[in-house]
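Where a number appears in this text, it was derived from the coordinates with a stated rule and is not lab data. Owing to the predicted nature of the structure, the values given are computational and were not obtained by experimental measurement. FYI the Cβ positions are ideal-geometry reconstructions off the backbone, even for glycines, and counts take in every protein chain you see.
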Amino acid sequence: MPQAIELRGVTKQFLTPAGGVYTALRDLDMAVQPGEFCAVVGPTGCGKSTTLALISGLEPATEGEVELFGKPVAGIASGIGYVFQADAVFPWKTVLENVAAGPRYHGASNQDARLQARDWIARVGLAGFEDRYPYQLSGGMRKRVALAQSLINGPRVLLMDEPFSALDVQTRSLMENELLGLWSSTSASVVFVTHDLEEAISLSDRVFVITAAPGTIKSNYVVDLPRPRNVAEIRFQPRFVEIYEEIWKDLRDEVLVSYERQKRSGAA
Amino acid sequence: MSVRSAAARLSDTVASPAEAATRPRISDLAARRMRDARRRRITVQALRLLAAVVWLGSWELTTRLGWVDKFFFSQPSEIVQKIWYWITQGTELGPLWDQVLTTMEETAGGFVVGALLGIVIGVALGRNHLLSDVLGPYVKAANAIPRVVLGALFAISLGLDIKSKIATAAILVFFVVFFNAFQGAREVDRNLIANARILGADNRRLTTEIVVPSALSWIIASLHTSFGLALVGAVVGELFGATAGVGELIYSAEQNFDAAGVFAGMFLLAAIALVAEALITALENRLIRWRPQVITETRI
């Protein structure tokens, strides 16, 4: 059985405005099994988001291969869900129209799309808010809309780019628990990018550590904590603390390297 | 807190003690806010009226006293008489209403044609980088020439009827709307585009559901300015040669050295502009319901 996601020897370079070449990722190998929940952690600017852009097909790899279920990615792949870091719900559409967008784009009738959307809006706990516009919602509610918008398409792969980083701590752990609940009823593989190691461990089955730029996989750790989990409490378990300490040793070095570089470029 | 306001509150309480006891303080505050807002509105209206009285009064007075030559500058009472004469007796071009209607038709026609072309071409060039790179210099050159002179060309090529005025108005409107639509289409949030593409939107859907709505707030902002320009275009078109319209009315008044007629025409144009402004604001509120209402005190 092929891996859900496989990156082999992937390098990604960008042209800088000054005309130079910036290497965001170098020789990166990574594999995610079907139905697996993976977290990717690493210092700021190490190419975590770039990895997601490559998997989704939004950006092509400069070198190497990116495959989804054994098929090479060329252009936007189907069966993908993507929850962005910034607000990406459409401000001129109501909650209902936002969630119904995916099915409509895939050719469902208006009526059918709305029916599906109502169901998903209820599942993310927003029943009664169908006719609101995004500006009338709180940050957490907008994230729920974004989740429903992605999950309604029934993605086999769900990519999440620091989706909860802008939320306050309480809302955040609520949303994390809801995400786990929603995910457990699907068979999607998840790649969850975050800079927060605690969040990474409490959510995932496996944690990838990426080095400071140019990013490559430094190590990966299996998180063998039982499910279902309560994100708000799991961090007090002794096993959690053990895993945390183990991964943190790895991550700390990279964070320091990245920090030193930033200080230097800031001074220059 | 001043003694007086404390006393006022005390007398309030004394006036209806039962009500004051049960009513929550918060509604007290809201009521005071509303009272303040109403008072402010009344002040603004009163000051507006005062400004008009001072302006028109000093104009009337200085022309009556002979400090300012009323042959050139007319005077408010004469202008009012002129408008009244036009309303009751008709103008030398026919009934006044027909002239106003003609100019409004030309303005609205030019506005709609220019705005639609501006939106379509602006969004097209905003979406297609090759097209915009190729046509960019031409658009900039065309924008740099004073386009009202095209009114003369249109008067020759399209004749003296409504078509040449619509063309003049449309060309003025086009560029303003075009540049806004172009910029709006260029500055769509990249996240929104990426999100729509991931959700499965094709290129057509991307344009109609993401780019155009996003550009709409830019476009709408330009519609206020461009309606004024449409009016300019219509009137300038009439000055180049016409058989009806408020611009033509002003032109014939000028030919007769009738300053009151010129001013009367100007006031009519101002009235048309105010009505149109209200209509555009209504359209704006309808089109961008999804945006939080921004209440600005300085709105004019």
| task | Just name one of B:Ser132, A:Ala117, B:Gly151: the one whose Cα is farthest towards the positive end of the charge dipole of the protein assembly as shown (beta-carbon charges, Lys/Arg +1, Asp/Glu -1). | result | A:Ala117
| note | Whole-Å distance linking the alpha carbon centroid of the stretch A:52-87 with that of the stretch B:262-289 is 51
| task | Please give the net charge around A:Val40, taking every other residue with its beta carbon less than 12 angstrom from that of A:Val40, where Lys and Arg add +1 and Asp and Glu add -1. | result | -1
| What's the exposure ranking of B:Glu238, A:Glu97, A:Glu233, going from fewest to most Cβ atoms within 10 Å? | A:Glu233, A:Glu97, B:Glu238
| task | Would you list the membrane-span-like helices of chain B, meaning whole DSSP H runs whose alpha-carbon atoms span at least 30 Å along their axis and whose mean Kyte-Doolittle value is at least -0.5? | result | B:25-64, B:96-127, B:162-186, B:212-239, B:259-287
| remark: Spelling it out for A:Val190: with amide H atoms placed in the peptide plane at 1.01 Å from N, the residues 5 or more places away or on another chain with amide H under 5 Å from its amide H are A:Glu36, A:Phe37, A:Cys38, A:Leu158
| query | For the stretch A:207-268, what is the charge dipole size about the Cα centre, in debye to the nearest 20, if Lys and Arg each add +1 at the Cβ and Asp and Glu each add -1 at the Cβ? | reply | 220
| note | Listing B:Thr63, A:Thr16, B:Thr102 by rising number of other beta-carbon atoms within 10 angstrom, fewest first, gives A:Thr16, B:Thr63, B:Thr102
| Hey, got the average number of other protein chain Cβ atoms within 10 angstrom for residues in A:97-105? | 4
| field | 10 Å Cβ neighbours from other chains, averaged over peptide B:186-197 | value | 5
| remark: Sorted largest first, the C-alpha extents of the protein assembly as shown along its principal axes in whole angstrom are 97, 78, 58
| field | Net dipole in debye of the stretch B:52-102 [+1 Lys, Arg Cβ; -1 Asp, Glu Cβ; about Cα centre; nearest 20] | value | 140
| Rg(Cα) of the stretch A:136-268 divided by 2.2 N^0.38 Å? | 1.16
| field | Alpha-carbon centroid distance for the pair the stretch B:203-221 / the stretch B:75-129, whole angstrom | value | 28
| What ranking of B:Trp290, B:Trp67 emerges when the number of other C-beta atoms within 10 Å of each C-beta is taken as an exposure proxy, fewest first? | B:Trp67, B:Trp290
| task | With +1 on each Lys and Arg Cβ and -1 on each Asp and Glu Cβ, and nothing else charged, work out how big the dipole of the stretch B:76-287 is about its Cα centre, in Debye to the nearest 20. | result | 960
| query | From largest to smallest, what semi-axes in whole angstrom does chain A give when each is the square root of 5 times an eigenvalue of its alpha carbon gyration tensor? | reply | 30, 23, 19
| request: Treating each Cα of the stretch B:76-287 as an identical point scatterer and ignoring solvent, apply the Debye formula and state log10 I(q)/I(0) at q = 0.13, 0.17 Å⁻¹. | output: -0.77, -1.10
| Most to least packed among A:69-75, B:73-79, B:250-256 [average Cβ atoms within 10 Å] | B:73-79, B:250-256, A:69-75
| field | Residues of type lysines that B:Lys82 reaches as a straight line, Cα spacing below 30 Å, ignoring anything fewer than 8 places off in the same chain | value | B:Lys70, B:Lys163, B:Lys165
| Roughly how crowded by other chains is peptide A:89-95, in terms of the mean Cβ count from those chains within 10 Å of each of its Cβ atoms? | 6
| Theoretical ellipticity at 222 nm over chain A - DSSP helices of four or more residues, -39500 (n - 2.57) apiece, nearest 500 | -12500 deg cm²/dmol
| field | A:Phe236 versus A:Ser165: modelled label distance in nm, points set 7 Å from Cα along the beta carbon direction | value | 3.0
| task | Work out the charge dipole of chain A with +1 on the Cβ of Lys and Arg and -1 on the Cβ of Asp and Glu about the Cα centre, then indicate which of A:Phe164, A:Asn153, A:Leu251 is farthest towards its positive end. | result | A:Asn153
| task | Please name which of A:Ala77, A:Phe37, A:Val10 has its Cα lying farthest along the dipole of the stretch A:1-116 towards the positive end, using unit charges on Cβ (Lys, Arg +1; Asp, Glu -1) and the Cα centre as origin. | result | A:Ala77
| field | Rounded tilt (10° steps) of A:238-267 against the dominant C-alpha axis of chain A | value | 70
| query | Between the stretch A:196-268 and the stretch B:142-202, what's the alpha-carbon centroid distance in Å? | reply | 53
